[in-house]
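Worksheet: the structure to be examined is printed underneath.
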Amino acid sequence: MPELPEVESVRRGLEGARLRAPVAEVWRSRARLRIGAAWDRRHEHVSALLGATPQTIARRGKLLVWTFAAADAGEPLGLLVHLGMTGRFEFAGDARARPPHTHLELRFADRRKLRFVDPRRFGALRVAPLATLWATPPLSELGDEPFDPAFDGERLRARLGESRRPVRDALLDQRAVAGIGNIYAVEALWEAGVPPLAPCVRLGPGAWARLAAALVTVLARGLAAGGTTIRDYRGVDGNAGGGEEGLRAYGREGSPCPRCGATLRRFESGGRGGAACPREQRLGRGKIP
Ligand SMILES: [Zn+2]
């Protein structure tokens with residue numbers, strides 16, 4: 001599943017395309033996308049983009065927020081995009097037929113066509129006045145942004161310090177910290193030497209500080225590599241990311257720990273696995289300093 005670095009890479013790819021011509025045509029497949037409280041097909045309203053002009057694109061957690069100037073010079077619209085598991089954007093020339101699993105196609109007045117393709121259909125789309133999007137879930141419920149300069153161990157501890165959930169599972173809660181999925185959670189816990197299954201309440205201030213710093217480190221590493229190649233992630237240019245070789249723990253169970261040489265061991269929690277170092281991430285008794 002695309003996490004913060006992959007979504008940010010998509011954002012940069014779309015920004016780089018410099019789309020500034022009004023939307024001349026909106027096509028939407030009949031297929032349903034993600035279903036959930038904040039994601040209802042009746043609230044998609046993608047046809048409202050007709051005549052609107054694309055502007056800048058923001059990212060919040062794993063979500064893209066694309067600003068469009070309204071056709072009638074009214075309040076700006078926002079297109080909220082969740083890439084889900086396999087969602088991606090691609091440009092197409094005029095002649096090419098829509099590939100399977102295309103769910104949205106925007107044709108712009110400069111004749112460029114942008115498609116949202118999503119084979120697994122866990123992605124989601126929503127168009128609303130920009131201010132409304134920011135003020136309502138899921139955007140309004142998101143926790144700290146890891147690259148925010150104010151993000152640190154104290155912030156993380158304030159959000160999660162009382163929780164009895166395993167710290168790996170808690171990191172996946174977008175209301176605590178936004179943009180983290182299983183891959184970067186596993187990587188950050190290894191980087192920080194924190195046991196993934198430790199209940200949050202057992203982490204001391206030092207462990208929270210190391211974890212916050214490690215999150216920023218592994219996310220920045222993933223971003224520098226253009227996102228990981230896990231699953232079906234693709235950038236806007238169609239190229240897979242190059243970050244998989246950069247992973248130190250995730251998917252490496254049975255291999256030596258890059259830091260101490262102990263054999264990395266698989267763990268499971270909440271139906272999602274990962275790998276950890278049995279020596280440096282050992283869950284003993286008492287506080288994790
Ligand atoms: Zn180790």
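The values are calculated or read from the model by the stated rules, or taken from the named source; none is laboratory data. Remember, predicted model here, so these are calculated numbers, not experimental data. Glycine gets a Cβ as well: all are built from the backbone with ideal geometry, and neighbour counts include every protein chain shown. The protein model used for the area step is the full one, side chains on, heavy atoms only, and it has no ligands, DNA or RNA in it. Shrake-Rupley method; radii C 1.70, N 1.55, O 1.52, S 1.80 Å.
Results, tabulated for the structure shown:
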quantity: Residue list for the range 256-288, filter: open to solvent by 40 Å² or more (accessible area, probe 1.4 Å), more than 11 Å from the ligand (Cβ to nearest atom) and not in a loop (DSSP other than H, G, I, E, B); calculated: Arg266, Glu268, Arg272
quantity: Residue match in the range 139-147 (condition: out of contact with any Lys or Arg (no Cβ under 8 Å at 6 or more places or on another chain), closer than 30 Å to Val26 by Cα and either modelled with pLDDT of 95 or more or outside any helix (DSSP H, G or I) (or both)); calculated: yes
quantity: Pair list, Cβ under 8 Å, 6 or more apart: the range 99-110 residue closer than 9 Å to Ala21 by Cα, other residue open to solvent by 10 Å² or more (accessible area, probe 1.4 Å); calculated: Phe108/Ala21; Phe108/Pro22; Phe108/Ala24; Ala109/Ala21; Ala109/Pro22; Ala109/Ala24; Asp110/Ala21
quantity: The range 110-131, residues that are of a type outside the set (Lys, Arg) and in a strand (DSSP E or B); calculated: Leu114, Phe116, Val117, Ala124, Leu125, Val127, Ala128, Pro129
quantity: Residues satisfying the stated conditions in the range 191-215, i.e. touching an Asp or Glu at 6+ places or on another chain (Cβ under 9 Å), assigned to a helix (DSSP H, G or I) and either free of Cβ contacts under 8 Å to residues at least 24 places away in the same chain or open to solvent by 10 Å² or more (accessible area, probe 1.4 Å) (or both); calculated: Val201, Pro205, Ala209, Arg210, Ala213
quantity: Qualifying residue in the range 93-106 (condition: basic (Lys, Arg) and either open to solvent by less than 60 Å² (accessible area, probe 1.4 Å) or touching a helix residue (DSSP H, G or I) at 6+ places or on another chain (Cβ under 6 Å) (or both)); calculated: no
quantity: Whichever residue in the range 37-63 is of a type in the set (Lys, Arg) and modelled with pLDDT under 95 and, among such residues, is most open to solvent (accessible area, probe 1.4 Å); calculated: Arg42
